[in-house]
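Each remark here refers to the structure printed beneath this line.
Values quoted throughout were computed directly from the atomic coordinates according to the rules given, and no laboratory measurement underlies them. If you're wondering where the values come from, they're calculated on a predicted model, not measured in any experiment. As a convention, Cβ positions derive from the backbone with ideal geometry for all residues, glycine included, and neighbour counts pool all protein chains shown.
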Amino acid sequence: MARERFGIAQLHPEQQRAMAAVLDGRDTLVVLPTGFGKSLIYQVPAMLLPRPTLVISPLIALMVDQERTLRRRGVPVVRLDSTLRAAERREALLRIGKGGRLIVLTTPETLESAEAGPLLQRAEPALMCVDEAHCISEWGHDFRPSYLRIGAEREKLGRPTLLALTATATPRVREDIVLRLALHQPLVVWAPPHRKNLLLAVQLAPGNFKHEAAGRLLKRLRRPGIVYCATTVAVDQVWRALERARIPAARYHGKMRAEERAAAQRRFMRPSRRIVMVATSAFGMGIDKPNIRYILHFQAPGSLEQYVQEAGRAGRDGNPAHCVLLFDPADLEIQDFLQGRSRPNARQLSKVAFALAAWAREGRPADNRALALSAELPPKTCASLCSQLEEAGLVGKTDAGWAVNVSPEQLLLDSRELAGRLETLRREDSKRLAAVSDYAMTEGCRSAFIRRYFGEEDPPRCGKCDRDREVVGRPAESIFAPGGGNV
């Protein structure tokens, strides 16, 4: 099936083991490096199972790309999300209602909807796949509260076989995924986050030296490539500098209009184009351009998990590719600020708990908008905190909004205990950030450092990173290819 339908001549042993487990009805957790072909692990079984395969993904843009690719291969697939027009949605729901062999791409939020939920239950999916499964773990780098309810939704669907996929999971995150998804005696298929064609390097570039260092590298490295920045301001600055230097470039960040982002992505993804994409971390999940020759991190990422995922987008064609971090210790302060803004804190939890208690005393549930007004917090923050209160059994989600399951006094008391967990999570964020600094400053093999971080006890040297080349007397500068071929 892999050869005939998907054009894959040979499967990796890890892919084969996972597919066999899934087809045998066994829950499976797969942790394989970016570019390893994780999607194939659900796509091949989906063509062999008699009932639908439900794929839950965190990003609509990722689902759009997957749908387009599967349709080209003649795979029966529908996408169900909030962006569909009414006619498209009716057509998708009609196809799901027919059941049979089908891949259904959807989001956690759609899975819970009153319209789609019952229909999916009647379709009785044979396989449920949770893509980017690290999103369910508070110990991961990209926690998504909507993922917390997937385990309960699985029960409503008749407990189909569950496949969890991710590229980045430490041992602690792997344990958390198994626990939160309630995987039953799962097969865990794991491979170290190492690809021998990726050449890792770090250049110390404090303050104003960073633009100069980036300029030298971008003139020498072969395109196409991606430059990752931590802030939208930095994206705009680097993009304008490349434009002035007449280096073909595009940009991508959350403050651009959706149509501008889509146009930039299409331009970068064209097989014949060899340009530089300057972007925040918003760009890249699901990007499958095989000939990306380098990933340059202009500013330090927030965790090694994020770094490995972003760096892994290079060299998917198997040819050498460069993964370079320009490191300035001051970058960590930027990430610390961004994390503090994105991770709910104890003070915010207290405000949400008091607002919910007030609504409960009036005997009414509160929808997310009303709760946000009462608590004087952004709706997204309220939704995140309510999901954690729900996990603790303190509140429940109803059609009318969030309802308190205990007395208002008990809610306030128990929320104080939950506040302590939030502080623990903030300390974990700080530890992950410190690991980025340790990676940048290590005197040992960079690949081995990353592999130890993800749980490998005694990893070998890669022999190709800048540190290993220094050991054998070759300067780190020599790993960068000359700029020929960049036109």
Once both labels are modelled 7 Å past Cα along the beta-carbon direction, what's the Arg240-Arg361 spacing in nm? 5.2 nm
Tell me, rounded to the nearest percent, the portion of alpha carbon pairs in the stretch 373-441 spaced more than 17 Å apart. 56 percent
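Taking DSSP loops as anything outside H, G, I, E and B, show the longest stretch in the chain free of trypsin sites (Lys or Arg not before Pro) there with at most 11 other beta carbons within 10 Å. Before the final figure, lay out each step's value.
Values: sites that count: Arg85, Arg246, Arg257.
Maximal segment without exposed cleavage sites: 258-487.
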Considering the options Thr381, Leu412, Gly363, tell which one lies farthest towards the positive end of the dipole of the stretch 363-420, charges being +1 on Lys and Arg and -1 on Asp and Glu at the Cβ, about the Cα centre. Thr381
In nanometres, what is the gap between the two model label sites at Thr424 and Thr442, each 7 Å from Cα along Cα-to-Cβ? 2.7 nm
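Could you calculate the FRET efficiency of Leu119 with Leu23 from 1/(1 + (r/R0)^6), where r is the beta carbon distance between them and R0 is 22 Å, rounded to 0.05?
Values: r = 25 Å, r/R0 = 1.14.
Here the calculated transfer efficiency is 0.30.
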Fewest Cβ neighbours within 10 Å first, please rank His134, His297 accordingly. His297, His134
Given charges of +1 on the Cβ of Lys and Arg and -1 on the Cβ of Asp and Glu, with all other atoms neutral, how large is the dipole of the stretch 343-429 about its Cα centre, in debye to the nearest 20? 240 debye
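Multiply the residue gap between Arg5 and Arg220 by 0.36 nm, knock off their C-alpha separation, and tell me the result in nm, one decimal place.
Between Arg5 and Arg220, full extension yields 73.4 nm more.
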Neighbour-count order for Ser387, Ser303, Ser437, fewest beta carbons within 10 angstrom listed first: Ser437, Ser387, Ser303
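Report the convex hull volume per residue for the stretch 105-176, counting only C-alpha atoms, in Å³. Mind showing how you got there, number by number?
On the way: hull volume 6.1 nm³, N = 72.
Measuring per residue, one finds 85 Å³ for the Cα hull of the stretch 105-176.
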Longest principal axis of the chain (C-alpha) makes with the long axis of helix 331-342 (C-alpha) an angle, in degrees to the nearest 10, of 10 degrees
Bins of 10 Å, starting at 0 and running to the largest distance - Cα pair percent for the chain: 4, 18, 28, 27, 17, 6, 1, 0
With θ taken as phi - 60° and the coefficients 6.51, -1.76 and 1.60, list the Karplus ³J(HN,Hα) couplings across the stretch 221-226 in order, rounded to whole Hz; mark glycine and proline as x. 6, 6, 8, x, x, 10
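Could you give the size of the charge dipole of the stretch 304-367 about its Cα centre, using +1 on the Cβ of each K and R and -1 on the Cβ of each D and E, expressed in debye and rounded to the nearest 20?
Here the size comes out at about 480 debye.
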Tell me, what ³J(HN,Hα) does each residue in the stretch 360-367 have, in order and in whole Hz, if you take phi through Karplus 6.51 cos²θ - 1.76 cosθ + 1.60 with θ = phi - 60° and put x for Gly and Pro? 5, 5, 8, x, 10, x, 10, 6
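With contacts defined as alpha carbon pairs under 8 Å and 6 or more residues apart, what's the relative contact order of the chain in percent? Provide the component values of the computation, followed by the final result.
On the way: 852 pairs, mean separation 73.9, N = 487.
Over the chain, the number comes to 15 percent.
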Hey, rough spin-label estimate for Leu59 and Arg273, points 7 angstrom out along Cα→Cβ, what's it come to in nanometres? 1.6 nm
Plugging the Cβ-Cβ distance of Arg461 and His211 into 1/(1 + (r/R0)^6) at R0 = 22 Å yields, to the nearest 0.05, a FRET efficiency of 0.10
